[in-house]
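Following: one structure in structure tokens, then a few remarks.
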Amino acid sequence: MLNKIWLSFFIIAFFSALATWLGGDGLVFERMVQALFNMAKVSVEIAIGLVGALCFWLGVMKVAEQAGLVNVLARVLSPLFGRLMPEVPKNHPAFGSITMNLSANLLGLDNAATPLGIKAMHDLQSINPQKDTASNAQILFLVLNTSSVTLFPIAVFVYRAQQGAASPTDVFIPILLATFSSTLVGLLVVAWIQKLKLYHAVTLAYLGTIIAAILALVLYFSTLAAQQLSYQSAVLSNFLIFTFVLLCFCWAFYKKQNVYEQFIEGAKQGFEFSISLIPYLLAMLCAIGVLRASGALDVALDGVRYLVALANGDARFVDAMPTAFMKPLSGSGARAMMLETMNTHGADSFAGRLASTIQGSTETTFYVLAVYFGAVGIKHTRHAIGCGLAADFAGIVTAIAVCYWFFG
């Protein structure tokens, strides 16, 4: 999928530039070549600029992982999934893998979440009567993963900081609201199709607590004046994030872990990860750069703006739509779109903040589906794709609405 998308960017850019050249613009190919050099330089600058922030956060996440915070969250979430997946036998190992995976996602431990997710899929496959067809439990698990149940979207904050955002975490509350909407819609759609009973006392207790917390957050921010929203969001975000960091360190110390050495070990991984990003950033940013320089991207966005204008709508959100369109298809592609939007319009522009919120609100549906279902040989996905895309759509629409509320 990504191979075709990437190549199509260059092909579309070429034919768009050819039409522009024949229309009298003789400098279009010069702009495209210049865009290749500029984006190549930007790719390296972004990767190098990420080194310090990524080293720090991967150090923190390593401490959290080794201290057993994932296990704590897993024990908290386990009773809920026992009700949402009734065909899975009680005390089956799959529940442990599922809760461990989703707990790792909540903490932003992507490196731990993926192998745990594959392990969960294998555990669920062991009780799947039709080995080439996704079971109800596997579909629900996949949709919850694609809806991006992430409590701390650290990667988005890191990229915003590197791009010069005045307050990189000011999108934390908007992302939290958007990802909650995505997860809730994904769960409700799956429950409707699979006829799950969500009105059980245990399920209602979990969902009611989460919904009440989100509503309290919404009610609090609804009492603030427009100019206070962004400021209060940044204050609360920074308080919660620093509290989380301190909690990780103190919990690890309580568990008699060597906090300093574990932090250093994780930080080393951050440096390696930053450098490994360069080829991927280079590939996608160069493709997006020539697409914009050719005029093709602007033509597509102008078309959307025209439709919005016909409906008398505010078209500022359109500049962030490339991230939204790419998100279900490619994680690296969506990340590059977000970076390109911030590089073009500014990290603190409305488009830059919205692209960041969209990036943190959902996961890459087709990538997750290919990895998790491919790992166990499932060919018939049933309603998994439809439910995953419904969650994506809810997250993106909510991200737009919340960004107009906070930053509009």
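The values are calculated or read from the model by the stated rules, or taken from the named source; none is laboratory data. Keep in mind the model is a prediction, meaning the values are calculated, not measured. Methodologically, a virtual Cβ is constructed for each residue, glycine included, from the backbone with ideal geometry; neighbour enumeration extends over all protein chains shown. What goes into the accessible areas is simple: the full protein's heavy atoms, side chains included, and nothing from ligands, DNA or RNA. Shrake-Rupley method; radii C 1.70, N 1.55, O 1.52, S 1.80 Å.
Spherically averaged projected area of the convex hull of Cα atoms, segment 41-199: 11.1 nm². Local charge for R305 was computed over the other residues whose Cβ lies under 13 Å away, with Lys and Arg +1 and Asp and Glu -1, and equals -3. Taking label points 7 Å from Cα along the Cα-to-Cβ direction, F14 and N91 give a separation of 6.3 nm. Electrostatic tally near P93: other residues with Cβ closer than 13 Å to its Cβ, Lys and Arg +1, Asp and Glu -1, net +1.
Listed by number, the DSSP H helices of the chain that run 24 Å or longer by alpha-carbon position along their axis and have mean Kyte hydropathy of at least -0.5 are 2-22, 28-67, 172-194, 201-222, 226-254, 259-293, 384-407. With a Förster radius of 35 Å applied to the C-beta separation of L22 and A315, the computed FRET efficiency comes to 0.75. Heavy-atom accessible area per residue, the chain, 1.4 Å probe: how many Å²? Solvent-accessible surface per residue comes out at 45 Å².
If I take R0 = 25 Å and measure r between the Cβ atoms of F393 and T243 in this structure, what FRET efficiency does the formula 1/(1 + (r/R0)^6) give, to the nearest 0.05? According to the calculation, E is roughly 0.15. Relative contact order of the chain: 31 percent, from C-alpha pairs under 8 Å at least 6 residues apart in sequence. Rolled with a 1.4 Å probe across the full set of protein chains, the surface gives R335 an accessible area near 40 Å².
As a ratio to 2.2 N^0.38 Å, the alpha-carbon radius of gyration for segment 282-378 is 1.19. Panel note: the C-alpha atoms of the chain, placed on their principal axes, show extents of 70, 48, 44 Å (largest first).
Give me the distance between the Cα centres of segment 44-61 and segment 313-373, rounded to whole Å. Taking the Cα centre of each part, segment 44-61 and segment 313-373 sit 20 Å apart.
What number comes out for the charge environment of D392, summing +1 per Lys or Arg and -1 per Asp or Glu over other residues with Cβ under 10 Å away? It works out to a net charge of 0.
Ranking C55, C403 by solvent-accessible area of protein heavy atoms (1.4 Å probe, all protein chains present), from largest to smallest, gives C55, C403.
Using a 1.4 Å probe on the protein chains only, how many percent of the accessible area of the chain belongs to carbon and sulfur?
Solvent-exposed carbon and sulfur of the chain make up 68 percent of the total.
The solvent-accessible area of K268, taken with every protein chain present and a 1.4 Å probe, is close to 130 Å².
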